[in-house]
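Taking it in order: structure first as structure tokens, then the write-up.
The values are calculated or read from the model by the stated rules, or taken from the named source; none is laboratory data. For clarity, every value in this text was computed on a predicted model and none was experimentally measured. A quick note on method: Cβ atoms are made from the backbone with ideal geometry, for glycine too, and the neighbour counts reach across all protein chains shown. These accessible areas exclude ligands, DNA and RNA; they are computed on the full protein's heavy atoms, side chains included. Shrake-Rupley method; radii C 1.70, N 1.55, O 1.52, S 1.80 Å.
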2 protein chains.
Amino acid sequence: MDEMDAAMALVDKWRSQSRKGFLDLCALSLLASRDESYGLDMMEALAQAGLEVSEGTLYPLLARMTREGSLSPSWTTPETGHPRKYYRLSPTGQLVLAAMREEFDRNVAALRRIEGGTR
Amino acid sequence: MDEMDAAMALVDKWRSQSRKGFLDLCALSLLASRDESYGLDMMEALAQAGLEVSEGTLYPLLARMTREGSLSPSWTTPETGHPRKYYRLSPTGQLVLAAMREEFDRNVAALRRIEGGTR
DNA sequence: TCCAAATATCTTGCTATGCAATGCATAATA
DNA sequence: TATTATGCATTGCATAGCAAGATATTTGGA
């Protein structure tokens with residue numbers, strides 16, 4: 001049907017918008033649970049959890065959060081393999097993550113209230 | 001402390017980003033549960049649920065969704081009071097809402113998996 | 001009657017993120 | 001010594017949130 005196509009196109013456009021900021025929360029959460037990780041490893045872990053993130057999305061995100069002071073990167077050259085840039089949460093990053101979680105949960109709770117009994 | 005201020009500033013910047021798309025879902029959900037509503041009324045309902053949305057945010061959002069075909073607006077001039085533009089979900093809007101809900105829930109589930117046991 | 005406040009909607013300009021596409025460098029392998 | 005795999009980075013575009021301000025109509029008081 002035609003109606004369905006129109007709706008899908010709108011949702012496609014919406015998708016990338018709705019991930020703004022959300023991916024920050026996911027990246028910080030992942031690093032909080034893993035202690036440290038590097039780009040491609042994070043991509044794989046996120047995909048494993050059901051969240052596909054491309055390199056063109058993740059790397060700028062990591063660069064920005066580093067610039068802002070939430071992440072502390074460090075290069076490591078393993079005995080075998082390619083050099084990797086490992087990221088950890090900085091103290092600021094931990095505060096930021098805690099605040100984001102609070103607000104995200106508040107927003108989800110608000111949405112559930114808005115949905116009311118219609119669901 | 002200084003660390004706290006830096007974190008708060010970052011979260012402030014993040015806040016408006018993280019609401020992109022999310023507000024679409026909230027507005028559509030609200031209309032689904034109310035059948036119809038107008039701008040200021042929606043602002044009040046959202047605030048009631050714990051979500052503060054300004055006019056400069058909501059009106060462009062409603063205009064866009066109307067342009068895209070998700071909302072059907074209709075002017076009504078009550079016997080007493082100011083003319084109001086009432087919005088309803090169109091058939092496309094109902095499909096869009098259903099798809100957004102699915103994807104939002106999938107993303108929340110993914111986040112919970114990412115957070116793992118660290119919470 | 002005329003002015004101020006309330007109700008209601010709309011517009012402009014700025015900033016910032018997601019993402020496809022592309023490029024670059026190094027290491028392992030054949 | 002090519003070729004493939006691993007790993008990171010950059011550019012350019014489209015788009016939404018929001019502060020600030022504009023516009024229009026209705027109501028109530030001096």
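Among the candidates A:Asp35, A:Asp41, which residue alone is at pLDDT below 95 and more than 8 Å from DNA strand C (Cβ to nearest atom)?
A:Asp35
Here's a check for you: in the stretch A:75-92, which residue that is open to solvent by less than 50 Å² (accessible area, probe 1.4 Å) and either small (Gly, Ala, Ser) or over 16 Å from A:Leu25 (Cβ atoms) (or both) is farthest from the other protein chains (Cβ to nearest Cβ)?
A:Pro78
Looking at A:Gly21 and the list (1) on the phi < 0 side of the Ramachandran plot; (2) surrounded by 15 or more Cβ atoms within 10 Å (Cβ to Cβ); (3) at pLDDT 95 or above, which single condition is not satisfied?
(1)
Of B:Glu3, B:Glu36, which residue is acidic (Asp, Glu), away from DNA strand D (no atom under 15 Å from the Cβ), in contact with a helix residue (DSSP H, G or I) (Cβ under 8 Å, 6 or more places away or on another chain) and open to solvent by 50 Å² or more (accessible area, probe 1.4 Å)?
B:Glu3
Residues in the stretch A:93-109 that are facing chain B (nearest Cβ under 7 Å) and within 19 Å of A:Glu36 (Cβ to Cβ): how many?
2
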